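The values are calculated or read from the model by the stated rules, or taken from the named source; none is laboratory data. Given the structure is predicted, the values throughout are model-derived calculations rather than measurements. Cβ: placed from backbone, ideal geometry, glycine included. Neighbour counts: every protein chain shown.
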Amino acid sequence: MPNLTSIYYFILFIVVELLYFKVADRYNIIDKPNHRSSHTRITIRGGGIIFPLAILAYAILNGFSNSYFVIGLLAISIISFLDDVLTLNNKARLGVHLGSVMLLFFQWNLFSLSWYWILIALIFVIATINAYNFMDGINGITGGYSLLTIGTLYYINEKIVSFTSGELLLIVALSLLVFNLFNFRAKAKCFAGDVGSVSIAFIVVFFIGELILASQNLSYILLLLVYGIDTAFTVLFRKIRGENIFEAHRNHFYQYLSNQLKFSHIFVSCLYIAVQLLINFLLIKFADDPLLASIGLLVSCVVVYLLLRFKIEGYRKLLTPTTN
């Protein structure tokens with residue numbers, strides 16, 4: 001994409017984001033801190049609306065390629081934005097989510113494959129969307145982690161295997177840069193909201209799915225390994241303690257580092273991004289032997305993660321059943 005075009009998109013996204021801030025302020029679309037929050041000040045919610053709008057802008061200017069993906073993204077973004085504003089019924093939200101995932105599968109032509117691949121894809125997509133939503137709790141983590149993922153995908157697309165439009169990846173990266181200008185800071189101007197965390201999860205899943213289908217290499221799932229490990233083991237620990245895993249909480253490791261140990265949001269976000277960056281580097285470096293590299297990375301990261309959590313938080317806090 002020509003540099004001048006990139007500048008135009010960047011300026012457009014900044015203008016759109018600033019206009020949204022005015023709308024959000026006018027209609028009181030804000031996030032108020034509560035006992036589950038990792039924040040202490042009222043902040044505009046839904047700044048992540050820039051992600052689906054960026055895809056929409058690209059689609060309008062490029063003949064609506066990947067139409068199933070775009071329609072699914074718009075549907076899941078709209079329902080998530082409405083949930084940010086109104087708090088919708090779970091069944092309505094889940095129904096739209098499922099419909100959007102089915103559209104994504106049509107985009108991937110997945111229904112031509114065996115049923116077990118569809119099941120694996122369904123688990124991966126739903127798990128990733130939920131993980132992104134759970135992990136969106138401190139400044140910088142969603143925008144920074146996603147920018148790293150999109151940047152890595154762009155490198156893979158250019159240097160290893162071509163699987164999608166490089167221009168589209170750059171458009172998403174620009175929208176993330178704009179969002180980070182207002183979120184990746186000590187005092188955030190806005191939060192992503194459900195519309196941001198869900199939509200960027202859907203976008204990232206689309207690209208990773210395209211990459212896996214083009215390369216026939218499932219190890220690229222590890223591009224989301226840090227989020228996956230923290231989400232999976234946090235859910236497991238809560239289940240062991242007898243807690244309702246569907247209730248809102250702040251029991252993730254990143255939340256413990258931020259809330260109990262009082263590390264800054266930016267430090268914790270950079271820590272998570274740095275670990276995933278190392279994983280991405282190793283994943284690419286050992287791409288010639290993806291199975292061995294994937295197993296080694298997965299096992300090593302799980303072991304280090306568990307050692308750190310048990311050392312820092314303690315066995316009792318992580319495993320002792322909650323008393324009512």
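Of all residues in the range 63-91, those satisfying the criterion of being in a helix (DSSP H, G or I) and more than 22 Å from Asp31 (Cβ to Cβ) are Ser67, Tyr68, Phe69, Val70, Ile71, Gly72, Leu73, Leu74, Ala75, Lys91. None of Leu218, Leu176, Leu181, Leu211 is at pLDDT 95 or above and either farther than 30 Å from Ala248 by Cα or aromatic (Phe, Trp, Tyr) (or both) except Leu211. Annotation note: of Gly143, Gly137, the sole residue that is at pLDDT 95 or above and either surrounded by fewer than 18 Cβ atoms within 10 Å (Cβ to Cβ) or within 14 Å of the chain's Cα centre (by Cα) (or both) is Gly143.
Pairs linking a residue in the range 122-138 that is outside any loop (DSSP other than H, G, I, E, B) and small (Gly, Ala, Ser) to a residue that is crowded, with 18+ Cβ neighbours inside 10 Å and at pLDDT 95 or above, with Cβ atoms under 9 Å and 6 or more positions apart or on different chains, are Ala127/Gly228; Ala127/Thr231; Ala131/Ala201; Ala131/Leu224; Ala131/Tyr227; Ala131/Gly228; Ala131/Asp230; Ala131/Thr231. Of the residues making up the range 170-193, those that are crowded, with 24+ Cβ neighbours inside 10 Å and either in contact with a strand residue (DSSP E or B) (Cβ under 9 Å, 6 or more places away or on another chain) or at positive phi (or both) are Phe179, Asn183, Cys190, Phe191, Gly193. Number of residues in the range 121-169 that are of a type in the set (S, T, N, Q) and under 23 Å from Ser258 (Cβ atoms) equals 7. Within the range 148-168, being over 13 Å from Val204 (Cα atoms) and assigned to a helix (DSSP H, G or I) holds for Tyr155, Ile156, Asn157, Glu158, Lys159, Gly166, Glu167.
On the stretch given as the range 45-79, residues that are within 19 Å of the chain's Cα centre (by Cα), crowded, with 21+ Cβ neighbours inside 10 Å and on the phi < 0 side of the Ramachandran plot total 15.
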